[in-house]
1. Please work out which one of (1) surrounded by 15 or more Cβ atoms within 10 Å (Cβ to Cβ); (2) under 21 Å from the mean Cα position of the chain (by Cα) is the condition residue 457 fails and give its number.
2. Is the stretch 510-518 home to any residue that is modelled with pLDDT of 95 or more, farther than 19 Å from residue 148 by Cβ and crowded, with 21+ Cβ neighbours inside 10 Å?
3. Among the residues of the stretch 166-188, write down those that are crowded, with 17+ Cβ neighbours inside 10 Å and within 22 Å of residue 120 (Cβ to Cβ).
4. Out of (1) under 30 Å from residue 45 (Cα atoms); (2) without any contact (Cβ under 8 Å) to a residue 60 or more places away in the chain, the odd one out for residue 466 is which?
5. Return yes or no: is residue 11 surrounded by 24 or more Cβ atoms within 10 Å (Cβ to Cβ), within 16 Å of the ligand (Cβ to nearest atom) and more than 19 Å from the chain's Cα centre (by Cα)?
6. Note down all Cβ pairs under 7 Å where the first residue falls in the stretch 284-306 and is without any contact (Cβ under 8 Å) to a residue 12 or more places away in the chain, the second is surrounded by fewer than 24 Cβ atoms within 10 Å (Cβ to Cβ), and they're at least six residues apart or on different chains.
7. Looking only at the stretch 233-244, decide whether some residue is within 15 Å of residue 491 (Cα to Cα) and either within 13 Å of the ligand (Cβ to nearest atom) or surrounded by fewer than 23 Cβ atoms within 10 Å (Cβ to Cβ) (or both).
8. Among 194, 210, which is in contact with a strand residue (DSSP E or B) (Cβ under 8 Å, 6 or more places away or on another chain) and at pLDDT 95 or above?
Ligand SMILES: Cc1cc2nc3c(=O)[nH]c(=O)nc-3n(C[C@H](O)[C@H](O)[C@H](O)COP(=O)(O)OP(=O)(O)OC[C@H]3O[C@@H](n4cnc5c(N)ncnc54)[C@H](O)[C@@H]3O)c2cc1C
C-alpha cells in the first residue's frame, strides 16, 4: 500500500494531463490503468501487420494542438517527444454522381471547388471564414471555461458587448440549431451541405438533432483557418509525451492495474482497491476518468450517498456505437471522383443529409444500417512513417451502429452477437468504399475489425462502442454534463471527481476536463 496526494482511475489523456499539471505543482500523483498501455481512446498499434501503425481510436489531434494544456506546456511536451504532422487537405466527401467536394487550408482551393457547385456558396464561405475569428472567440471561451452559471454569464456578457443583441442571438441560434437547419439556412448546394454535415456524425448529431450545427461549423471553419494535425508516427505521440512529462515530474503510472473499488469513509474518497486486492490511499483527491455508469454499485459498491446522483449516473445516455476497420494497404484507394482525394486526411462516404438521418435512425432502432456513414482516414497520405515505404494504412470509422443488433435494415445479415457478425458487416462497409474506389480489395494486405463491443472490451468507457462516452445532445451537455449540479467534475463524495469525455466539455482530445480540474485543484 502507498500513500498519494492524488490517485487517478484510468490513464486516458484527460487523467494524464490532470496528473501532469498536479505533479508539476508538487502533488504526489499516481495513475492506475487496467490495460498494459495508457491512452484509452488514443492508442496506436501494429494492429494488422508488422510495420503498419494504426490509430485504434482518435486520429485527428487538432483539439489537443489547440488546447489550453498544449498552449501552456508546448515546450515541455515537445521536449518529451510530442510531434505533429500538419494537414493541409483536411476533409472531403464523395458522391454517387461522381463529384467530390473538399476543404483545404488554402482558401483559394476550397473556394474554387465550391464555385463548381454554387457561386453563392463560394461567397458565403469567404464571408464565414472572414468572420470566424470573431465568432470563435466566444465559442472557444465557452468550451474552454468550467461549466457554471457564472462562466456562462461571463461568456454571454462578452458576446453581447462585442456583437450586440442581434449578433449574440445569432450565436445562440447556431448553438441550438440542428445541422440541417443551419446548413439549409446557409448553403444552397446539397453536396456542400452533406460534406459539412458529416462532422455531426463524428459525434451523435444526425442532421436533424438540435444543438448539432456548431460541430460542422467549427470543424469546417477551424480546418479552413488552421488546417488539421495528426500525430507524427501515430496519435499516441500525445500519450507518450504526457507519460514522459508526468514521470519526469515524479508521477507514477501503474499498468495492468484494474481499479475494482473506490474506498470511502464518512462520505469522503480515501483511496482505491485494485482487482488483485492491493489498496492505495489518496489524501487530497481521487479522480475517476470513467463512464458515469461505472460509479454507483460498481466502483462505489454502496453508491455515492446521494440517490439522485446515482440514478443520474445509471441513466447517463450513451450514443450509438462505432466500428473501426483498420487496413494495411499496398496503395491508397483510387477514388474515381478525383485523384486529389488521395491527399486528404479524411474522405467521408456520407452522400446526403437524408442518408445520414436514416443511418442514425436505423442504429438507434437497433438495426444494422443498410448504408453506414464512413469516415475514411488516410493518415499515411500525411505521415508516411506509419507504414513501410510505399505502403499505407487506412482508418475506417463506421458510423453509427447499435450496441445490440436486433435486425438488419438491408435484410441480409441475421441479427446476432457482434463477435459473430462483425466481419460480414465490415464487408458491407468496405463494399461502399470499393464502389467509390474500385480495386481497393486487391490492395488489402491485412485487416483488423473492431466491433462496438471490441471497443468497449478495450476501454470500458466506450459503452456499447460509444466513441464519445455519452450523448452530447443538449439535454446532456453544458450544465447537464454528466448531470445537473455535477458539471464541475464534482460528485457527492468529497474528494471524488469525475473527468474525461463524459464530463464537460465532452469528448475529443482537447484534455479540457483534465486540465480545468487540475487548475482548480492546484489553485491555478
Ligand atoms: C474510434 C474512436 C475515434 C475517435 N476519433 C477521434 C478523433 O479523431 N479526434 C478526437 O479529438 N477525438 C476522437 N475520439 C474521441 C477521443 O479519443 C476521446 O473522447 C478521448 O480520448 C477520451 O479521453 P478520456 O480522457 O475521457 O479517457 P479514455 O480515452 O476513455 O480513457 C479511459 C481509460 O480509463 C481506463 N479505465 C476505465 N476504467 C478503469 C478501471 N476501473 N481501472 C483502471 N483503468 C480504467 C480505460 O482502460 C482507459 O484506458 C475518438 C474515439 C474513438 C473511440
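The values are calculated or read from the model by the stated rules, or taken from the named source; none is laboratory data. Everything numeric here is computed off the predicted structure, so don't read it as measured data. Please note: Cβ atoms are built from the backbone with ideal geometry, for glycine as well, and neighbour counts cover all protein chains shown.
1. In the conditions (1) surrounded by 15 or more Cβ atoms within 10 Å (Cβ to Cβ); (2) under 21 Å from the mean Cα position of the chain (by Cα), residue 457 misses (1) alone.
2. Checked the stretch 510-518: at least one residue is modelled with pLDDT of 95 or more, farther than 19 Å from residue 148 by Cβ and crowded, with 21+ Cβ neighbours inside 10 Å.
3. 174, 177, 178, 179, 180, 181, 182, 183, 186, 187
4. Among (1) under 30 Å from residue 45 (Cα atoms); (2) without any contact (Cβ under 8 Å) to a residue 60 or more places away in the chain, the lone unmet condition for residue 466 is (2).
5. Taking the combined requirement at face value, the residue does not satisfy it.
6. So the pair list comes out as 303/296; 303/297; 303/310.
7. No: the stretch 233-244 contains no residue that is within 15 Å of residue 491 (Cα to Cα) and either within 13 Å of the ligand (Cβ to nearest atom) or surrounded by fewer than 23 Cβ atoms within 10 Å (Cβ to Cβ) (or both).
8. Unique residue meeting the criteria: 194.
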